[in-house]
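Below you'll find the structure, written out as structure tokens, and then a few comments.
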Amino acid sequence: MDREAPGEWNQALMELGAAVCTPRKPACPACPLRAHCRAWSLGLAEKLPEGKTRRPPVEVTVAAALIQRGDCLLLVRREQGRLMGRMWEVPQTSLESHGLPDLVREVEERHGLRVVPGALAVRARHAITFRRIRLEGYRAWLRQALPADPDRFRWASPEEVSRLPTSSMTKKLRINDVQTGRTPEYPDVRVHEYAASPEKVAQAAKEVLGRLPGWTLVGAGQGAAGHAIQAVHETGVFLLKEDITIQIRREGARTRVSVRSRSQVGPWDLGQNARNIREFLAALDALVS
Ligand code: SF4
């Protein structure tokens, strides 16, 4: 494995498995690894892998400590020899934990860091082999100075999180702009459709903005593409603001509502933009459906 770019090596292997060395019909004649492949040399390529009985899925909760310094997030390195060894991630509990109740103890045991967890900031789903993981990211603070060990600890900017070999959950945290149907990390944040007319839905959307705490209607207009509504959401505790754009238009017999939420400041949204969209659309559903 290339020690400088293990992520690219990993990506290349995944692409090989998806496009060339597929389980049912491996494309051996076109395979760049054929000269080194034992299965090919033994004539077993078509017979492998042997069928296995699938393990039933197991639900797991993993809690993560989201510790910020300015625009940077604290990353720790996984131990060598573990699954995804040497990869960077936010400090988090193991797959054997119960989530938040184990967070303080496990982060201290695994990384020697004493942390104080705060409010829940991010929720996400992830799957590794037979485990269905519910990820919960909590804002957190260090109770000590960070040990000077750049091989194990680092404050990472969003660009570094993109560049470093990091886990999927850690990558997800750098998002600060979410759109219905366009942000693959949040497949549940989808365009909503209604039978009511665009005018009725637009009126209901303004009512929702007037009712929800922390939301302010900034402007509204109508053009050939439909209704467009601008709003601002302010996060209570940290007074962070997000710009919200709501598009309402007719498509066939249905009225479609798409929403975008974009952070005004800071490179991390810690799940806030997705929460904004869910909150708004749930309130609109209750009023229109
Ligand atoms: S040569 Fe080996 S690695 Fe390549 S596609 Fe065939 S079985 Fe897979």
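The values are calculated or read from the model by the stated rules, or taken from the named source; none is laboratory data. Here the structure is a predicted model, which is why all the values come from computation and not from measurement. Every residue, glycine as well, gets a Cβ built from its backbone with ideal geometry; the counts of neighbours run over all protein chains shown.
Given the criteria surrounded by 14 or more Cβ atoms within 10 Å (Cβ to Cβ) and in contact with a helix residue (DSSP H, G or I) (Cβ under 7 Å, 6 or more places away or on another chain), does V62 qualify?
Taking the combined requirement at face value, the residue does not satisfy it.
Restricting attention to segment 1-29, report how many residues are of a type in the set (G, A, S) and at pLDDT 85 or above.
1
Name the pairs: first residue in segment 12-29 and more than 18 Å from P165 (Cβ to Cβ), second residue more than 8 Å from the ligand (Cβ to nearest atom) and part of a loop (DSSP other than H, G, I, E, B), Cβ to Cβ under 8 Å, at least 6 apart or on different chains?
Sorted first by the residue in segment 12-29, then by its partner, the pairs are P23/P49; K25/E46; P26/E46.
Being surrounded by 17 or more Cβ atoms within 10 Å (Cβ to Cβ), charged (D, E, K, R) and not in a strand (DSSP E or B) is the requirement here; does R275 meet it?
Taking the combined requirement at face value, the residue satisfies it.
Looking at the structure I just gave you, is L73 under 26 Å from N176 (Cβ atoms) and touching a Phe, Trp or Tyr at 6+ places or on another chain (Cβ under 7 Å)?
It is true that L73 is under 26 Å from N176 (Cβ atoms) and touching a Phe, Trp or Tyr at 6+ places or on another chain (Cβ under 7 Å).
Cβ-Cβ distance below 6 Å, separation of 6 or more or different chains: which pairs start in segment 31-46 with a residue that is under 21 Å from M14 (Cβ atoms) and end on one that is β-branched (V, I, T)?
C31/V20
Applying the selection to segment 20-48, what residues are near the ligand (Cβ under 10 Å from one of its atoms), surrounded by fewer than 11 Cβ atoms within 10 Å (Cβ to Cβ) and within 30 Å of R132 (Cβ to Cβ)?
P23, K25, listed by residue number.
Inspect all residues belonging to segment 51-58 and state whether any of them is away from the ligand (no atom under 16 Å from the Cβ) and either surrounded by 11 or more Cβ atoms within 10 Å (Cβ to Cβ) or modelled with pLDDT of 90 or more (or both).
yes
Touching a strand residue (DSSP E or B) at 6+ places or on another chain (Cβ under 9 Å), over 22 Å from P57 (Cα atoms), touching a residue at least 12 places away in the same chain (Cβ under 8 Å) and surrounded by 15 or more Cβ atoms within 10 Å (Cβ to Cβ): does that describe E89?
The answer is yes for E89.
Between residues in segment 116-134 that are in contact (Cβ under 8 Å) with a residue 40 or more places away in the chain and residues that are part of a strand (DSSP E or B) and aromatic (F, W, Y), which pairs lie under 7 Å by C-beta distance while being six or more apart or on different chains?
P117/Y138; A119/Y138; A121/Y138
Pick from Q179, Q203: which is polar (S, T, N, Q) and farther than 28 Å from Q68 by Cα?
After ruling out the rest, the residue left standing is Q203.
Taking helices (runs of 4 or more DSSP H) that do not extend beyond segment 6-112, which have at least 2 residues that are of a type outside the set (S, T, Y) and closer than 21 Å to D151 by Cα?
Answer list for segment 6-112: 6-19, 100-111.
Restricting attention to strands (runs of 3 or more DSSP E) lying wholly within segment 136-206, give those where 3 or more residues are within 26 Å of the chain's Cα centre (by Cα) and surrounded by 15 or more Cβ atoms within 10 Å (Cβ to Cβ).
Result: 153-156.
Are there any pairs with C-beta distances below 7 angstrom linking a residue in segment 269-289 that is more than 21 Å from E199 (Cα to Cα) and assigned by TED's automatic domain parsing to the domain that holds A195 to a residue that is of a type in the set (F, W, Y) and buried (at least 18 other Cβ atoms within 10 Å of the Cβ), with the two at least 6 apart or on different chains, and if so which?
A274/Y186
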